[in-house]
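A quick write-up on the structure given underneath.
What follows is calculated from the coordinates using simple rules that are stated; it is not laboratory data. Here the structure is a predicted model, which is why all the values come from computation and not from measurement. Cβ sites come from the backbone with ideal geometry, for glycine too, and all protein chains shown count toward neighbours.
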Protein chains: 2
Amino acid sequence: MSEKLARLKEILGEVSDLGRATSVLDWDQQVNIPPMGGDARGQQLATLGKIRQEKFTSDEVGRLIDDLKSEFAGADSDDAAMIRVAARNYDKAKRVPPSFVAEQAVVASRSFEAWLEAKGKSDYAIFLPHLQKMVDLVHKYISFFPPADHPYDTLLDDYEPGMKTADVKAIFDGLRPRQVKLIKAIGEAKQVKDDFLRKKYNEKKLWDFGEEIIRCFGYDFNRGRQDKAAHPFETTFSVNDVRITTRFEADNPLAMIFSTMHEAGHGMYEQGVNPVYERTALEGGASLAVHESQSRMWENLVGRSLPFCEHFFPKLKKTFPNQLEGIGVKAFYKAVNKVEPSLIRVNADEATYNLHIMLRLELEIAMVEGILDLKRLPEIWNTKMREYLGVTPPDDAQGVLQDIHWSAGLIGYFSTYALGNLISAQLWEKIDKDVRNLDDQIRAGNFDALLGWLRENLHQFGHKYDPQDIVQRITGSKITPEPYVRYLTKKYSEIYSL
Amino acid sequence: MSEKLARLKEILGEVSDLGRATSVLDWDQQVNIPPMGGDARGQQLATLGKIRQEKFTSDEVGRLIDDLKSEFAGADSDDAAMIRVAARNYDKAKRVPPSFVAEQAVVASRSFEAWLEAKGKSDYAIFLPHLQKMVDLVHKYISFFPPADHPYDTLLDDYEPGMKTADVKAIFDGLRPRQVKLIKAIGEAKQVKDDFLRKKYNEKKLWDFGEEIIRCFGYDFNRGRQDKAAHPFETTFSVNDVRITTRFEADNPLAMIFSTMHEAGHGMYEQGVNPVYERTALEGGASLAVHESQSRMWENLVGRSLPFCEHFFPKLKKTFPNQLEGIGVKAFYKAVNKVEPSLIRVNADEATYNLHIMLRLELEIAMVEGILDLKRLPEIWNTKMREYLGVTPPDDAQGVLQDIHWSAGLIGYFSTYALGNLISAQLWEKIDKDVRNLDDQIRAGNFDALLGWLRENLHQFGHKYDPQDIVQRITGSKITPEPYVRYLTKKYSEIYSL
């Protein structure tokens, strides 16, 4: 290894260590911190972030990357990929002045407070001036980058490297009418019963049950753990320390099990990344959407499938005999797949979820294009909700104010959720061809072949390939909505006898 | 505030943030880490340590300290103290070359492994060559500093700033004969019964009981928490996030409660430091010995006192009626104060504990003077054990190999434990004068006046004063063994009817 490459790896290794130390502090803040510990923790996180940024954007790193870029140009080796990704990250980090990062942090912090208050009082007017400022800052952020085909491309690229707004629009345009039609048909069909899911379930027993499921999936507790937090998430401290959290909701107790499967999906992805990528720009997953494809796959394509219900429902019934008395596996399967157009994204079922996202994507693009009158946002939101989902928010708290993202200036993020759904189904069609008797294996509670396939074809590559490239490598085509439409149509035609 | 002072505070604030981030990662490693997570964590800790060291020992910090030192010379303000302490730390950090720090880390890591093996096999010969290397490194470390009155002074100063070997020797020389005599008298008296302490106690109930006690003491759970770890310790992430750990030992279950009180003593000290010292060289306690005075005070002078037993034993008996059937408060009080010369330091009672320390101090001083034949160390150890405590280790695992400290090159550390005991009694005599009806308050479970006194006279000052200075300020005299001897003699004369 050349001296320059060794030196770059040394610095990037320290940058990675600082990032992962940050993750530990952040995890601890969400899982353990005593009530008054937050302020000092914020300060510690700010210092780590600042030092990490200084270290990464040093002139030395710039020179090393420049020299190595030409040396490794065109190669497909891990080192070449590492240099390519590091160069892209470096370029982005250098374009955004530290003063802007600091300004955005301050505005975002105030904006978050305003959003909290606005949501609590269901009063959009409180949030409006702050949202305006955040959108202005997003425009300023875009201005640091060379003009793209569409200004939204710059934002999207931070989450889905290489992905274009036009691609996402085309994907969603192909999806929207068919998904609206499906939901309409379901709405006219005979509804499924799910009241038994809302009974009282013991939290500890559900916790243990969820852990048993993901142990069975292949989530490695020697290299991870599950804790309780206000919001479920996955976080990575190293390939050998990948942690997840979950939460218990008394009015929707079984959600905890599905949340555990979801986060374990993220976790198994991270546990499967090639360990040689540790402490380089290639650690972690390919993108947010590809990551989401893994969580959604284990939660929905596995967790909410009939074969899996056939495997785990008898065990669940043994654990909760009173709550599930008289319920058969088919009734349970239908209940956990019940479709109900609703107001809140995070509670949406598989059939309606993407429509929540598309609505947001359209509004975000209009914000970035500068054609959206932010004063009229609630009204526009409500109109679209009626159009796509047939429901009307009774107030802004259950409408435009429901999500935290815009208050933090996270514009471009939402689409990764919907893209994740699409990728999960696209991969699944390929897996179903490659893995013999996939359904039978799932029915038998055997996930070795499935996880093995994912490790070999996706997980091991970490951040080496861009999202469209890895999907293309695996499935032979870029991200497309067709498999997801086929998946939804087949599944819900059976459940609702369409 | 001058521009230079502001700049120094800014840098030292970041140095503190890095140190406390390190503490979070370390705490997490001891409390939460999954089995395979350790290697990456070690790497992350090494990187944080390196960056912290680079940041602190920069030329800019050196120039700022030099300029500010003369400006603030002789002042007693917080800023002056901060500069004085920072200057001392800077001088120490600059004297020790990074290459030495790295070499010591490598040798210590191997030495630790060898010590573990040697202890497991009770075979000192395995450890001997590594101990020799660690002692050589200690000599080298001392050589980086200007000659002191005694070479051991350099080591001691790292734990007890300003303290001299001659002081410690004088203190211990005054203590040893009287403590040996007391133990001998106790050995000839009628022994106390403590078999009921070794019965089966429910871990969860003991845990809750311990937490209730320290909540009552004044340990603030809004600014702290207790977790389980292999070794009990206290760690500080900020004045508003001070955590403690404890452990359960099946063969000595009540030890958990006393360990909780001990660590809460450390914790209340940290929670009481003036918040304006946060992120400066004055955060944390005055020294290890002063810190230990607080843990020992709450564990022993409060926790093992008769008034406190009168307060908490009835509650304990209500929680464990079967285990404590027929036991009265006096019998319980005697049992938790049972004196028994024994082989293992960490299990030693109050009367014998200091002798374990004195033995180690004498050996350490001889090591540093270069007059100790390390090959003969087990033999010398055993002779001293017989002389001081009247017991002979049956093997080296229960003798010279019992403690981890020397394997890590921690020479100079042990005496802080014994000094802590002395300081606790010295402070207590003053508290007993200042606080009216102290015993009655403790008997009533009221600790407000006691904690208030400690906050006002000791805790708030953090690291502002050196240990001898703060003890002198509070009690009117430097550290002296007299109060501790009086305390032990009075307590054990009653318990053993001497």
Q. Hey, with R₀ at 45 Å, roughly what FRET efficiency would B:R215 and A:E429 work out to, going by the Cβ-Cβ distance, to 0.05?
A. 0.20
Q) Just counting partner chain Cβ atoms within 10 Å, what average do the residues of peptide B:27-37 show around their Cβ? A) 6
Q. Considering every residue in B:237-244, what mean count of other chain Cβ atoms within 10 Å of its Cβ is obtained?
A. 6
Q) Which Cα, out of B:Y90, B:L68, B:A46, lies furthest along the positive dipole direction of the range B:3-95 (beta carbon charges, K/R +1, D/E -1)? A) B:A46
Q: Sort A:S407, B:S122 so that the residue with the fewest other Cβ atoms within 10 Å of its own Cβ comes first and the one with the most comes last.
A: B:S122, A:S407
Q. Using 1/(1 + (r/R0)^6) with R0 = 25 angstrom and r between the beta carbons of B:E249 and B:A185, what's the FRET efficiency to the nearest 0.05?
A. 0.25
Q. If each residue's Cβ is checked for other Cβ atoms within 10 Å, how do B:V290, A:V302, B:V101 rank with the fewest at the top?
A. B:V101, A:V302, B:V290
Q.
Quick check on the exposure proxy: order B:H150, B:H356 from fewest to most C-beta atoms within 10 angstrom.
A. B:H150, B:H356
Q: Filter the trypsin sites (Lys or Arg not before Pro) in the range A:284-315 down to the DSSP loop ones having no more than 14 other Cβ atoms within 10 Å, then list what survives.
A: none
(Q) Can you compute the modelled spin-label distance between A:E60 and A:A6, with each label point 7 Å from Cα toward Cβ, in nm? (A) 1.5
**Q.** Shielding by partners - mean other protein chain Cβ count within 10 Å, residues of B:18-26
**A.** 5
Q) Summing -39500 (n - 2.57) over the DSSP H runs of n ≥ 4 in chain A and dividing by its residue number, what mean residue ellipticity at 222 nm do you reach, to the nearest 500 deg cm²/dmol? A) -20500 deg cm²/dmol
Q. From the residues A:A108, A:T57, A:S77, which one has its Cα farthest along the dipole of the range A:42-113 in the positive direction, the dipole being from +1 and -1 charges on Cβ of Lys/Arg and Asp/Glu about the Cα centre?
A. A:A108
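Determine the gain in length on full extension of the stretch A:N437-A:D173; use 0.36 nm per residue of separation and subtract their C-alpha separation, reporting nm with one decimal.
91.6 nm is the gain from fully extending A:N437 to A:D173.
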Q) Structure shown: which of B:K315/B:K338; B:K9/B:K50; A:K330/A:K433; A:K190/A:K228 lie over 30 Å apart, alpha-carbon to alpha-carbon? A) A:K190/A:K228
Q) So if R0 is 51 Å, what FRET efficiency would A:F145 and B:K338 give, r being the distance between their Cβ atoms, rounded to the nearest 0.05? A) 0.10
Q. Once Lys and Arg get +1 and Asp and Glu get -1 on their Cβ, which of B:G326, B:I411, B:V273 lies farthest toward the positive end of the dipole of the range B:145-498?
A. B:G326
Q: Round to a whole angstrom and tell me the spacing of the C-alpha centers of the range B:349-409 and the range A:122-143.
A: 68
Q: Pairs of Cα atoms under 8 Å, at least six residues apart: use those to get the relative contact order of chain A, whole percent.
A: 21
Q | Nm distances between copies for B:S497, ranked from closest, using label points 7 Å along Cα→Cβ | A | 9.1
Q. When only DSSP loop residues count, what trypsin sites (Lys or Arg not before Pro) in the range A:180-211 have their Cβ near at most 10 other Cβ atoms within 10 Å?
A. A:K190, A:K200
Q. Cα gyration tensor of the range B:105-199, axes a ≥ b ≥ c as square roots of the eigenvalues: rounded (a/c below 1.5), prolate (a/b > b/c) or oblate?
A. oblate
Q. Between copies, how close do the B:N437 label points come, placed 7 Å along Cα→Cβ, listed in nm from shortest?
A. 8.2
Q. Under 5 Å between amide H atoms, partner at least 5 residues away or on a different chain: which partners does A:D227 have, H built in plane at 1.01 Å?
A. A:I244, A:T245, A:T246
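Check each of the chymotrypsin sites (Phe, Trp or Tyr not before Pro) in the range A:313-388 and keep only those in coil by DSSP with at most 14 other C-beta atoms within 10 angstrom; list them in order.
Filter output for the range A:313-388: empty list.
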